[in-house]
1. Looking for whichever is in contact with a helix residue (DSSP H, G or I) (Cβ under 8 Å, 6 or more places away or on another chain) and either modelled with pLDDT of 95 or more or under 21 Å from residue 64 (Cα atoms) (or both) here; the options are 143, 180, 171. Which one fits?
2. Give the stretch 35-51 a look and list any residue that's in contact with a helix residue (DSSP H, G or I) (Cβ under 7 Å, 6 or more places away or on another chain), surrounded by 13 or more Cβ atoms within 10 Å (Cβ to Cβ) and under 17 Å from residue 74 (Cα atoms), or say none.
3. Looking at (1) farther than 19 Å from residue 13 by Cβ; (2) under 16 Å from the mean Cα position of the chain (by Cα); (3) in contact (Cβ under 8 Å) with a residue 24 or more places away in the chain, which is the one condition that is false for residue 95?
4. Quick check on this structure: which one of 63, 42 is under 15 Å from the mean Cα position of the chain (by Cα), free of Cβ contacts under 8 Å to residues at least 60 places away in the same chain and in a strand (DSSP E or B)?
5. If we keep just the residues of the stretch 1-34 that are in a loop (DSSP other than H, G, I, E, B) and more than 19 Å from the chain's Cα centre (by Cα), which is surrounded by the most Cβ atoms within 10 Å (Cβ to Cβ)?
């Protein structure tokens, strides 16, 4: 199974301690500077949607968002364009893009901190990766390879999304905190 449209959400550590409106100005500056690897187009404000997408930085190949889905804030990287390489390569690319954005947000917005032990991975393509046990079984080796390559160890717990109506995805919890700055700066 070739995974495409990989999404990574790195959760805010604890409660969001800043006004979400601050993400609008930050994302507008990123667009003006074209400071991400993807072409950035616009910013959309969905803060009025309860437990919704929050503030979205719309790009051509990928979107970035400060997302409040399920009332849990986090930086969401949504890869829209097909990416080259193996499944593990695409998972690493998506995680590193999200980690870079988290590092930058922490630097630009004092008081904002992202988790170093928990993140979510999902595939935004129900036809390609339906949320069924067979999909998890087909991706298990790729997920394990990705986590060991990314973290340098296999000390992580993977919890699969169990609702078949939702997108295929897993929640990853690491036993030891990972170095977000090192993972963000690592070559893809």
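1. Details: 143 fails: either modelled with pLDDT of 95 or more or under 21 Å from residue 64 (Cα atoms) (or both); 171 fails: in contact with a helix residue (DSSP H, G or I) (Cβ under 8 Å, 6 or more places away or on another chain).
Step by step, each of 143, 180, 171 is checked, and only 180 is in contact with a helix residue (DSSP H, G or I) (Cβ under 8 Å, 6 or more places away or on another chain) and either modelled with pLDDT of 95 or more or under 21 Å from residue 64 (Cα atoms) (or both).
2. Across the stretch 35-51, the qualifying residues are 43, 45.
3. (1)
4. 63
5. Pass one, the stretch 1-34, residues in a loop (DSSP other than H, G, I, E, B): 1-5, 13-21, 34.
The next check asks that each one be more than 19 Å from the chain's Cα centre (by Cα); those that pass are 1, 17-19, 21, 34.
Numbers: 1: 13, 17: 13, 18: 15, 19: 10, 21: 10, 34: 11.
For the stretch 1-34, the residue satisfying everything is 18.
Results for (1) touching a residue at least 12 places away in the same chain (Cβ under 8 Å); (2) crowded, with 17+ Cβ neighbours inside 10 Å; (3) closer than 15 Å to residue 10 by Cβ; (4) within 17 Å of the chain's Cα centre (by Cα), shown as yes or no for each residue.
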position	(1), (2), (3), (4)
79	yes, yes, yes, yes
84	no, no, no, no
90	yes, yes, no, yes
121	yes, yes, yes, yes
147	yes, yes, yes, yes
163	yes, no, no, no
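The values are calculated or read from the model by the stated rules, or taken from the named source; none is laboratory data. What you are looking at is a predicted structure, and each value in this text was computed from that prediction instead of being measured. Neighbour counts are summed over all protein chains in view; Cβ atoms, including those assigned to glycine, are modelled from backbone coordinates with ideal geometry.
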